[in-house]
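Here the structure is laid out as structure tokens; the discussion comes afterwards.
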Amino acid sequence: MSMLPPAEHKRAAVEAMFDRIAPRYDLMNRLMTFGIDRAWRRATLASLELRSGARLIDLACGTGDLTVEAAAAGARAVGLDFSTGMLCEARHRDARCSWVRADALALPLRAGCGDAVVCGFALRNLTDVAAALDEAARVLKPGGRLALLEVDTPANSLVRLGHRLYFRRIVPLLGRLLSDRDAYSYLPESVAYLPVEAELAEMLSRAGFHGIEKRRLCAGVAQLVTAWRGEDEGGARA
């Protein structure tokens, strides 16, 4: 049975799910990735080439891993998420960060206020990826950088098979034992919500981003997509 909610109920279902799993979210991330997710996040922030004092906006920040690490590097970091449970966990981690309950599709931020926008493992949970990219472009200054960290499907057939077995068998089992069975059964299926590489590149281009690059991480089990906002008005789809 599919764990993907109907489109009209996706936002509410995803919000409730993350509220439930927030207390053990970080533990599950470390176990599922054997701690490699920390290196992926460091690579994501490094790709932004942030200067001290730069304003970083973390979309769907969850418990704030990227937000906190950016603040530790000297950025003025703000994390936004629509899950109250996730933000409660995040607020205990670093008082230097600003934490805001908000939807990535309608950010309560003025246009051009950010030097960088980051989004970690959240695109597939959004109800409208293109609209979120429009918002990311709107809040970025011209020349501001974007980094999207997400899961991916390995190109190598053997790696892809092993990854599929782990993602669809072991991860739900870990979720059942340590957190929430339904949530960690949804996780592997939610990859279906991700735009394919060409489609995502088109969305980014239409939102006003340039220099779009994709980097495969750990043999393709994760991906890092980077781009920069053009000088023209961002956030306007044809």
Within the bounds of the stretch 219-230, is there any residue that is more than 20 Å from GLY120 (Cβ to Cβ) and either open to solvent by 20 Å² or more (accessible area, probe 1.4 Å) or more than 21 Å from the chain's Cα centre (by Cα) (or both)?
-> yes
Every residue from the stretch 180-218 that is open to solvent by less than 10 Å² (accessible area, probe 1.4 Å) and over 21 Å from ARG168 (Cβ atoms) = LEU204, ALA207, GLY208, PHE209
What is the residue count in the stretch 64-120 for residues that are charged (D, E, K, R) and under 16 Å from the mean Cα position of the chain (by Cα)?
-> 5
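Among the candidates LEU27, LEU87, which residue alone is of a type in the set (A, V, I, L, M) and open to solvent by less than 60 Å² (accessible area, probe 1.4 Å)?
LEU87
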Got a sec? Which of ASP81, ASP134, ASP103 is modelled with pLDDT of 95 or more and over 27 Å from TYR184 (Cα atoms)?
-> ASP134
May I ask you to verify whether ILE57 is open to solvent by less than 20 Å² (accessible area, probe 1.4 Å) and assigned to a helix (DSSP H, G or I)?
-> no
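The values are calculated or read from the model by the stated rules, or taken from the named source; none is laboratory data. From a predicted model like this one, the values you see are computed outputs, not experimental measurements. Cβ atoms come from the backbone with ideal geometry, glycine included; neighbour counts cover every protein chain shown. Heads up: the accessible areas ignore ligands, DNA and RNA and are worked out on the full protein's heavy atoms, side chains in. Shrake-Rupley method; radii C 1.70, N 1.55, O 1.52, S 1.80 Å.
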